[in-house]
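K.L.:
Take a look at this one; I'll ask things after.
Just so it is clear, none of the values below were taken in a lab; they were calculated from the coordinates. Being a predicted model, the structure only gives us computed values, none of them experimental. Virtual Cβ from ideal backbone geometry, glycine too; neighbours counted across all protein chains shown.
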Amino acid sequence: MKESFLVPCARWAEKLATKYQDDLPYYERLAIRNHLLSCTACAAAYAFYQEIGMKLSCLAEVEPLSSLPSHLLQREEHVFAFQRRSELASSYSRMWRQSIMEAESTSQELQSPASTKSPLPEAGLRGWKARSIAQYILRAPERFLHASLTHLPVKVRYVSAGNNALYALQSRNGTLLWQYQKSTVFFSSPAMKNGILYPNALDSQIFLFAASMRLRPCSDSFIWKR
Amino acid sequence: MSHLARDPTLVSPPVDVDRFLAVVRGAQAGNIAAFDTLFQRYNARICTYLARMVGNDEEGRDLAQETFIKVWRALPAMHDEAHFDTWLYRIATNTAIDHLRRRKARWPLWKEQDVENTPESIYIAGPEEQVEEAEHIKSALVALSPQYRACLLLQHYVGLSQREIAKSMNLSEKSVSIYVSRGCAQFRKAYARLANGKEAKERKRSFK
């Protein structure tokens with residue numbers, strides 16, 4: 001179908017359709033004004049665009065529904081309270097890290113044992129307690145959690161950290177049960193099922209070992225390895 | 001060349017910014033009364049925007065409800081309270097575009113109102129010019145592709161600047177300005193076609 005109007009110049013077409021001062025710098029607006037004086041096609045298009053703007057801005061309003069049914073919101077809130085809770089849980093690890101970093105910058109006491117001798121006992125010791133999970137894992141800044149702590153009702157959490165280590169921590173109070181160091185980096189939290197731990201090593205080694213709350217993995221506890 | 005700083009007729013009445021932010025934060029914290037204030041403030045505009053997006057008043061109303069429920073869910077995750085309306089229109093636009101896609105998938109034979117063969121009844125039924133013109137505008141809008149339509153409506157009906165549109169549609173400013181201009185051009189064509197069709201029919205009628 002043949003158009004009944006002239007097509008505006010390609011160079012200006014885009015700028016003609018702007019409406020607000022924010023959309024175009026001042027010198028561009030001046031340039032357009034000058035151009036409109038000489039070009040009929042652009043002037044016609046510009047006039048039409050202005051008209052469209054006017055027409056669209058006074059579109060008849062659709063009669064809206066007066067209110068949202070409040071029971072919908074109530075239910076939504078109920079459902080999403082759970083979601084918010086789990087978001088909170090995953091943000092804890094970040095908060096811990098931050099607070100520990102701050103503590104580190106102020107106190108030397110926290111920094112020294114990490115660098116010289118690991119204060120963490122080799123075997124899983126029952127009585128070894130501390131204030132929080134973060135104080136164990138995040139003592140040195142280069143160690144950081146690779147995975148968020150999942151918000152699950154488990155007794156023991158297995159956590160991988162940036163310093164090539166796996167940690168088993170008691171959920172209730174953050175007590176370190178054992179840690180396991182290896183030459184490869186572990187990423188994402190290991191899975192635990194029926195006393196077998198399935199960690200993810202970054203060098204694509206696959207191995208499983210027997211572990212539990214009291215049982216610290218050692219070279220004997222490898223069940224399967226590839 | 002009149003460029004408005006902001007169209008005074010479009011932007012919703014000025015409010016105390018601090019109070020508005022307080023209301024948004026209240027809604028974010030889960031206060032239903034605060035959310036209701038926001039709802040009352042934006043409801044009519046969102047409703048009309050969505051109705052024009054999907055080309056049907058009834059669907060527009062439903063989508064507005066859906067949008068506000070989505071907003072209620074997503075509020076706790078929103079970071080930038082100062083740009084609440086940009087964010088709100090982003091959700092509304094996504095809802096509308098999703099709906100159009102779904103409608104197409106579910107009813108592949110669904111036909112948007114055909115611009116070239118608009119039923120004659122419209123022309124005969126609307127004795128007043130204004131009604132007719134409103135119908136033209138609606139059908140010309142339906143003829144645009146959804147992205148262009150959203151850009152046009154956001155610029156002219158909602159009154160956002162192109163930067164805000166870019167933010168709310170997750171596009172670059174450059175592509176928004178291209179979309180707006182193409183949208184305008186398409187709208188112009190569709191509108192001219194409708195007007196021509198009307199004239200042709202009037203001519204036919206006068207010959208009879």
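K.L.:
Note down the relative contact order for the stretch A:2-67 as a percent, whole number, built from C-alpha pairs under 8 angstrom at least six residues apart.
P.N.:
Relative CO of the stretch A:2-67 lands at 39 percent.
K.L.:
Now a separate question. Determine the shielding of peptide B:37-48 by partner chains: average, over its residues, the number of Cβ atoms on other chains within 10 angstrom of each Cβ.
P.N.:
3
K.L.:
Using a 10 Å cut-off around each Cβ of peptide B:152-164, what is the average number of partner chain Cβ atoms that fall inside? Don't jump to the answer; show the numbers that get you there.
P.N.:
Working: counts 4, 3, 0, 9, 11, 6, 2, 4, 3, 6, 7, 3, 2.
For peptide B:152-164, the averaged partner shielding equals 5.
K.L.:
Then there is this: Hey, which of these cross-link pairs are over 21 Å Cα-Cα: A:15/B:167; B:167/B:189; A:19/B:70; B:104/B:174; A:55/B:70; A:15/B:189?
P.N.:
Over 21 Å apart, Cα to Cα: B:167/B:189; A:19/B:70; B:104/B:174; A:55/B:70.
K.L.:
So for the pair residue A:38, residue B:78, with labels modelled 7 Å out along Cα→Cβ, what separation do we get in nm?
P.N.:
Going from the residue A:38 label point to the residue B:78 one covers 4.8 nm.
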